[in-house]
1. Counting only protein heavy atoms and using a 1.4 Å probe, what share of the accessible area of region 33-106 belongs to carbon plus sulfur, as a whole percent?
2. Could you give each residue of region 74-91 its phi-based ³J(HN,Hα) in whole Hz, using Karplus coefficients 6.51, -1.76, 1.60 with θ = phi - 60°, and x for Gly or Pro?
3. Just the number please: accessible area per residue for region 37-106, 1.4 Å probe, all protein chains included, in Å².
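The values are calculated or read from the model by the stated rules, or taken from the named source; none is laboratory data. Not measured: the values here are computed from a predicted model. Side chains are part of the model used for accessible areas, which takes the heavy atoms of the whole protein and leaves out ligands, DNA and RNA. Shrake-Rupley method; radii C 1.70, N 1.55, O 1.52, S 1.80 Å.
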Amino acid sequence: MDPSSRDVEDTEASTPLQPLQDGESPGSPGGPAPSCWRRYSKPFMAIGVGTLLFALGTALSLLYFTQVGHVPYLLGPLFLSVGLMFLVTGLVWIPVLKESGAQAAH
């Protein structure tokens with residue numbers, strides 16, 4: 001370990017913590033609240049991934065039951081269940097974020 005890296009670690013450890021004031025967001029201290037897209041991007045991604053996985057599971061299940069291709073038995077239901085889990089999680093996440101934003105405003 002060279003001495004220059006030790007100096008960096010010492011300065012990072014010695015900086016004091018600064019608590020957030022009322023109305024400040026952790027991402028941008030002193031700045032405006034995060035944009036709508038930034039706030040809801042993770043739930044929208046969960047909904048998108050869940051929809052794609054659910055559609056893939058539906059297609060694989062249809063291929064298995066119509067015996068068109070050689071599709072393993074559990075592959076369709078696996079993608080259906082994981083896709084539905086992501087989809088429901090994203091759909092529930094949005095009202096939770098709206099409620100937490102409303103409580104933070106008051």
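1. 74
2. Values per residue, Gly and Pro as x: 8, 5, x, x, 5, 5, 4, 6, 5, x, 5, 5, 5, 4, 5, 4, x, 5 Hz.
3. Working: 5110 Å² over 70 residues.
Accessible surface, normalised per residue, equals 73 Å².
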